[in-house]
Amino acid sequence: MIRRARPKMCYKEKSTDEDDLDLSRQEGDEEEDDEEEDEWQPEAVAPKRQRKAGPAPAPKKPAEKKPAVKKPPKPKEPKPKVPRKVAEKKPRAPRGRKKELSAPAEEAGGVGELGEAGGVEEAGGIAGNAAATQLKVKEERLSFRVPAGAAESGPSQELSSNQQPLPVKKEEPEDDFTFDEPATKKLKTSEAPQGRPVRLPKTGKDLRYDLQMHWDPIEVLSEVTRVERWVCANIVELFREENTIPFIVRYRKELINHMDADGVREVQLSLEELCAVSKKSQSISQALKKEGVLTAEIEEMLKNCRTLDELEHVYAPYKKGSKLSKARRAKQLGLEPAATAVIQDPQNLNLRALVKPQCEGLSSLEEVATGVAQILADAIAKDKETLAFIRSLCDRNLVTLHSSVSKTALKEQQQPLGERAGKPKDIDKFHLYCDFTSNVQRIQHHQTLAINRGESLKILTVKVNIPDRVKSEFCRWCVNVRWRPKGYASNELMKILHDAVEDSYKRLIQPLLCRGYRSSLTASAEKESIAMFVRNLRQRLLVCPVRGRVIMGVDPGFRHGCKLAILSPTSQILHTDVVYLHQGGGAREADKLRHLMMKYSCQTVAIGNGTACRETEEFFAGLIAQKFFLPLDVSYCIVNEAGASIYSVSPEAVKEMPDLDPNLRSAVSIGRRVQDPLAELVKIEPKHIGIGTYQHDVSQTALKAALDSVVEECVSFVGVDINICSETLMRHVAGLNAGRARSIADWREKNGPFVSREQLKLVKGLGPKSFQQCAGFIRINPENLQSCSRAEVDQAAVPSEKPPAKRGKGKGPAAGVARPNPLDQTCIHPESYGIAMRFLEHVEGRVEETGRPELKQRVEASVQRVGLEQLAKTLDTTPETLQLIVDGLTQPSGFDIRQGFEQADFKRGIVSMGDLRTGVVLTGRVENTTLFGAFVDIGVGRSGLIHKSNITLEKLPAEQRRRSLALGPGERVEVRVLNVDAQRGRIGLDLIRVLR
């Protein structure tokens, strides 16, 4: 009794929402305008309840309609506008009629909220009274929502009442493993002091029009990413204008509320998923239309789907090659009206009249009852309110994931070694998951990926366990509330209904829930794993370069010797050689090393961390301890050489070092990774750099897209000197690609160095949009211009005859003579040069003083005196743009954002693993972070592991507490040794603090 009373109260609240929705839908195009006004207001409502804020705009709409009604003077001008509006609505008429034939609950669900089920199967499940053939389609449309339909009887009120209290989106515990704080981007978008909505004008058709779905993509994006609606709308519009993430994050901050690149990238990925759902929905509709099975009901279900899983659920019964479902076979026998009557009119239903002894499937009363139950079961499994209720039940109960050793693996393990076919399965690697059980809301991401890998190797069997009480409560709710007959039903009919509910749960709903949990866990784990890759790669690329040193790169080895490459401070190859340090000729090879280091004044050695690294380190440490290299003060560092061997045989390396042996190319790469890590690592595919874990267990497409995006972000934010950077590095700048980078390099070879950014407009294939995206990240360094002869500069300054001809074709105007501009070596975008010049006039400065201390003093004094916001108003710009101008004018020449980042550790001595004792405190550098902990190089030849349980909130700086683990490659940490397992080569560490 208590369970029923609560729904009735909620139903009244829902009916008002439905009325408002009906009213708003009748107002056609005016509704879209109202929604546009509302979407710029940040909403603090729960994601799925946002749509239920419908009553708020409702009062506005009558107010807007009054001018239309208030036209009795008949000026003859407004009169034609009324028919025009009706005419515009004509394309939407079929949808309108469909909604009128459906129940109010269907209208509220069809355009407003979307149930997890996504609708119903083909033309209904429980049709009304099918007396006339022409009304059959209409009755079928009413089918699955009949209990919530015509607002006439009690059962429908009890039915729709259960939609309100259902908790939404509890399936995905997004922040379970992030120190109970939201991600950085979420803090920036919701609590940033800027937080002022800035509306970006739309340049084309609305995204909702393009996707042609029944849900609002902006609302869904806001719900999924937890970013304000106005920010989501701006990001969507920026992407539709073909802007890149680095450009958006640096030069359009006010439009995205100062979100970071990761936050914008997540919105982009979510947007791509929604576009994929729309595309898939349209292709399914076309396929079903060709087969002649597409009905209005199925089309609406497809347009209501928000995920690919929901689309698959709707499409599964109609796939080519799939068996005809039990429900469809029963419908073909004409049992659909009987199934409808079980709910609608049970007192007048006579199943015995449907028995046809000669017809298979209708030959007995039992067969007829079974067919009716199958139609009901299918309708129950496709009903969105039913699915929402069962999911809420699962959220309130303990659903677990259990993994165990598969029968195949056990059987193979029991066979003798000689009889085993193929490679034996290594069960020991999965010993942690041979009998593993965890709550689906608490399982960790790396556990999900490990279980998935074991299952794909056929070593593990995985099962989702849903408690029995979920089934019993669900069946009771269906029979007594949602699918309760609207009249007296005999025991025979009630038994059919009970059988239908149980069959629906066991055969259709439970498998759907299990698949949903598995896919949800996998998607969440993959997302976190890729995010970990992204953070690791960013920190690896942004390691501070070591400038002004001659470096000896060493690729260690035993049998084939250690390969050496001595590089100048500008990364030019001075000498290459091979020394055999570990084959008895140590003294002779040491003299050779000393001679080379004295000849080239080399005091820094970079040793790769591959084979023979430990022995090579000992050799150099011993010579340094003996002061063998005096008067040189020699030090060394260990460099992660992951990917160096792959790069050494790549076409890029062959083109760059054609006459060099591949083994020597590896030594060159190792040395250059110290001099400029970013410029060297971009030559290697990101997934080969040795970061993250489970890289083969996540979507390779998503991983590659995310890593490539981070490379572009890092290269763009650091900036490239267009006159000296390699073509490989250039192609990773925002707005450029391999073809445009090639064109820029060709122009540079033909015409000499670039004198100004404006000359980029003369490059073939570089249009206005590409120039806008890349210009702010390209530098023109005057020091490199001075190294050219005066003739070259003059030649570069005056464009040749061909470029002006191309300008006439639409390349855009460019100055006849390009002159060096000091602003071209700053982060200020050319579109803001006019504002920068007005600001310089305001502070009484000159553009030639850019980067000098005296200009910095005047700028800082002016900002402090007047205030940044007031200055921005005076100059008619935004505070964000003005802040960029201030930074660009005050940063010294050659400023590099990596100067504040960590750089390689240089050592003169080593510690062995035998020296370690429990409780010893050491400093080290993070080598890699994974979903279960961080690996730290403490200088003993073997990395130690800080388990994630030892990375607690209070041990981290405030700015690093927002993401799981919060450590990344290159960070220096102080650790305590917890345990040492010399036999297995494992070191357990505890984090004490992060060093700054």
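Tell me, yes or no, whether region 633-646 has at least one residue that is of a type in the set (S, T, N, Q), under 25 Å from GLU927 (Cα atoms) and buried (at least 21 other Cβ atoms within 10 Å of the Cβ). Walk me through how you get there before you give the answer.
Initial filter on region 633-646 (of a type in the set (S, T, N, Q)): 635, 640, 645.
Now restrict to residues that are under 25 Å from GLU927 (Cα atoms): 635, 640, 645.
Restricting the remaining residues to those that are buried (at least 21 other Cβ atoms within 10 Å of the Cβ) gives 640.
Yes, there is a match, as at least one residue in region 633-646 is of a type in the set (S, T, N, Q), under 25 Å from GLU927 (Cα atoms) and buried (at least 21 other Cβ atoms within 10 Å of the Cβ).
Does at least one position in region 534-546 carry a residue that is free of Cβ contacts under 8 Å to residues at least 12 places away in the same chain and of a type in the set (Lys, Arg)? Among the residues of region 534-546, not one is free of Cβ contacts under 8 Å to residues at least 12 places away in the same chain and of a type in the set (Lys, Arg), which makes the answer no. Determine which single condition GLU228 fails, assuming it passes every other condition in (1) open to solvent by less than 10 Å² (accessible area, probe 1.4 Å); (2) touching a Pro at 6+ places or on another chain (Cβ under 7 Å). The number of the failed condition is (1).
Within region 748-759, being part of a helix (DSSP H, G or I) and either surrounded by fewer than 22 Cβ atoms within 10 Å (Cβ to Cβ) or modelled with pLDDT of 95 or more (or both) holds for ARG748, GLU749, LYS750, ASN751, GLU758.
Confirm whether VAL763 is closer than 24 Å to PRO969 by Cβ, in contact with a Phe, Trp or Tyr (Cβ under 9 Å, 6 or more places away or on another chain), surrounded by 17 or more Cβ atoms within 10 Å (Cβ to Cβ) and modelled with pLDDT of 90 or more.
Values: closer than 24 Å to PRO969 by Cβ: no; in contact with a Phe, Trp or Tyr (Cβ under 9 Å, 6 or more places away or on another chain): yes; surrounded by 17 or more Cβ atoms within 10 Å (Cβ to Cβ): yes; modelled with pLDDT of 90 or more: yes.
Considered against the rule, which asks whether it is closer than 24 Å to PRO969 by Cβ, in contact with a Phe, Trp or Tyr (Cβ under 9 Å, 6 or more places away or on another chain), surrounded by 17 or more Cβ atoms within 10 Å (Cβ to Cβ) and modelled with pLDDT of 90 or more, VAL763 comes out as no.
Name the residue that is most open to solvent (accessible area, probe 1.4 Å), counting only residues in region 436-471 that are small (Gly, Ala, Ser) and in a helix (DSSP H, G or I). Top of the filtered list is SER456. Annotation: of all residues in region 381-412 being among the β-branched types (Val, Ile, Thr) and outside any loop (DSSP other than H, G, I, E, B), the one that is farthest from SER520 (Cα to Cα) is THR408.
Here is the figure for region 622-632: residues that are over 14 Å from HIS595 (Cα atoms), surrounded by fewer than 16 Cβ atoms within 10 Å (Cβ to Cβ) and of a type in the set (A, V, I, L, M) total 1.
Residues considered: ARG518, ARG507, ARG538. Of these, the only one that is in a helix (DSSP H, G or I) and within 30 Å of THR340 (Cβ to Cβ) is ARG507. On the stretch given as region 472-494, residues that are in contact (Cβ under 8 Å) with a residue 60 or more places away in the chain, open to solvent by less than 40 Å² (accessible area, probe 1.4 Å) and outside any loop (DSSP other than H, G, I, E, B) total 6. Condition check: of a type in the set (Ser, Thr, Tyr) and at pLDDT 90 or above. Does SER699 satisfy that? It is false that SER699 is of a type in the set (Ser, Thr, Tyr) and at pLDDT 90 or above.
If the condition is being outside any loop (DSSP other than H, G, I, E, B) and in contact with a strand residue (DSSP E or B) (Cβ under 8 Å, 6 or more places away or on another chain), then region 671-724 contributes GLY671, ARG672, ARG673, VAL674, GLN675, VAL720, ASP721.
The requirement of being open to solvent by less than 40 Å² (accessible area, probe 1.4 Å), closer than 21 Å to ALA702 by Cα and not aliphatic (A, V, I, L, M) is not satisfied by ASN257. Beta carbons closer than 6 Å, at least 6 apart along the sequence or on distinct chains, pair a first residue in region 292-313 that is under 20 Å from VAL224 (Cα atoms) with a second that is among the hydroxyl-bearing types (Ser, Thr, Tyr) and surrounded by fewer than 24 Cβ atoms within 10 Å (Cβ to Cβ) for LEU302/SER285; ASP309/SER519.
Considering ASP915, ASP887, ASP937, which residue is modelled with pLDDT of 75 or more, acidic (Asp, Glu) and surrounded by fewer than 17 Cβ atoms within 10 Å (Cβ to Cβ)? Break it down stepwise before answering.
Working: ASP915 fails: modelled with pLDDT of 75 or more; ASP937 fails: surrounded by fewer than 17 Cβ atoms within 10 Å (Cβ to Cβ).
Of the residues listed, the single one that is modelled with pLDDT of 75 or more, acidic (Asp, Glu) and surrounded by fewer than 17 Cβ atoms within 10 Å (Cβ to Cβ) is ASP887.
Within region 716-728, does at least one residue satisfy the condition of being open to solvent by less than 10 Å² (accessible area, probe 1.4 Å) and more than 22 Å from GLN572 (Cβ to Cβ)? Yes, there is a match, as at least one residue in region 716-728 is open to solvent by less than 10 Å² (accessible area, probe 1.4 Å) and more than 22 Å from GLN572 (Cβ to Cβ). Would a scan of region 547-554 turn up a residue that is part of a loop (DSSP other than H, G, I, E, B), out of contact with any Lys or Arg (no Cβ under 6 Å at 6 or more places or on another chain), among the aliphatic types (A, V, I, L, M) and modelled with pLDDT under 90? Looking for residues that are part of a loop (DSSP other than H, G, I, E, B), out of contact with any Lys or Arg (no Cβ under 6 Å at 6 or more places or on another chain), among the aliphatic types (A, V, I, L, M) and modelled with pLDDT under 90, one finds none in region 547-554, hence no.
Results for (1) within 41 Å of the chain's Cα centre (by Cα); (2) modelled with pLDDT of 90 or more; (3) under 20 Å from ARG748 (Cα atoms); (4) open to solvent by 40 Å² or more (accessible area, probe 1.4 Å), shown as yes or no for each residue.
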| position | (1), (2), (3), (4) |
| --- | --- |
| SER787 | no, no, yes, yes |
| ASP794 | no, no, yes, yes |
| ARG807 | yes, no, yes, yes |
| GLY816 | no, no, yes, yes |
| ASN821 | yes, no, yes, yes |
| ARG838 | yes, yes, no, yes |
| GLY851 | yes, no, no, no |
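What number of residues in region 547-561 are without any contact (Cβ under 8 Å) to a residue 40 or more places away in the chain and either farther than 19 Å from ASP577 by Cβ or under 20 Å from the mean Cα position of the chain (by Cα) (or both)?
Just the residues of region 547-561 that are without any contact (Cβ under 8 Å) to a residue 40 or more places away in the chain, to begin with: 548, 559, 561.
Next cut, either farther than 19 Å from ASP577 by Cβ or under 20 Å from the mean Cα position of the chain (by Cα) (or both) only: 548.
Qualifying residue count, region 547-561: 1.
The single condition among (1) in a helix (DSSP H, G or I); (2) over 21 Å from HIS732 (Cα atoms); (3) free of Cβ contacts under 8 Å to residues at least 40 places away in the same chain that LEU274 does not satisfy is (3). Within region 584-607, can you find the residues that are farther than 23 Å from GLY548 by Cβ, in contact (Cβ under 8 Å) with a residue 24 or more places away in the chain and open to solvent by 10 Å² or more (accessible area, probe 1.4 Å)? If the condition is that a residue be farther than 23 Å from GLY548 by Cβ, in contact (Cβ under 8 Å) with a residue 24 or more places away in the chain and open to solvent by 10 Å² or more (accessible area, probe 1.4 Å), then GLY586 is the only one that fits.
State yes or no: is ALA679 in contact (Cβ under 8 Å) with a residue 40 or more places away in the chain, surrounded by 19 or more Cβ atoms within 10 Å (Cβ to Cβ) and in contact with a Gly (Cβ under 9 Å, 6 or more places away or on another chain)?
Numbers: in contact (Cβ under 8 Å) with a residue 40 or more places away in the chain: yes; surrounded by 19 or more Cβ atoms within 10 Å (Cβ to Cβ): yes; in contact with a Gly (Cβ under 9 Å, 6 or more places away or on another chain): no.
No: the conditions fail for ALA679.
Quick check: is even one residue across region 350-360 at pLDDT below 90, in a helix (DSSP H, G or I) and open to solvent by less than 20 Å² (accessible area, probe 1.4 Å)? Among the residues of region 350-360, at least one is at pLDDT below 90, in a helix (DSSP H, G or I) and open to solvent by less than 20 Å² (accessible area, probe 1.4 Å), which makes the answer yes.
The values are calculated or read from the model by the stated rules, or taken from the named source; none is laboratory data. Every value quoted in this text rests on a predicted model; they were computed, and no experiment measured them. Reconstructed Cβ throughout: ideal geometry from the backbone, glycine too, with neighbour counts over all protein chains shown. Please note that ligands, DNA and RNA were not included when accessible areas were found on the heavy atoms of the full protein model with its side chains. Shrake-Rupley method; radii C 1.70, N 1.55, O 1.52, S 1.80 Å.
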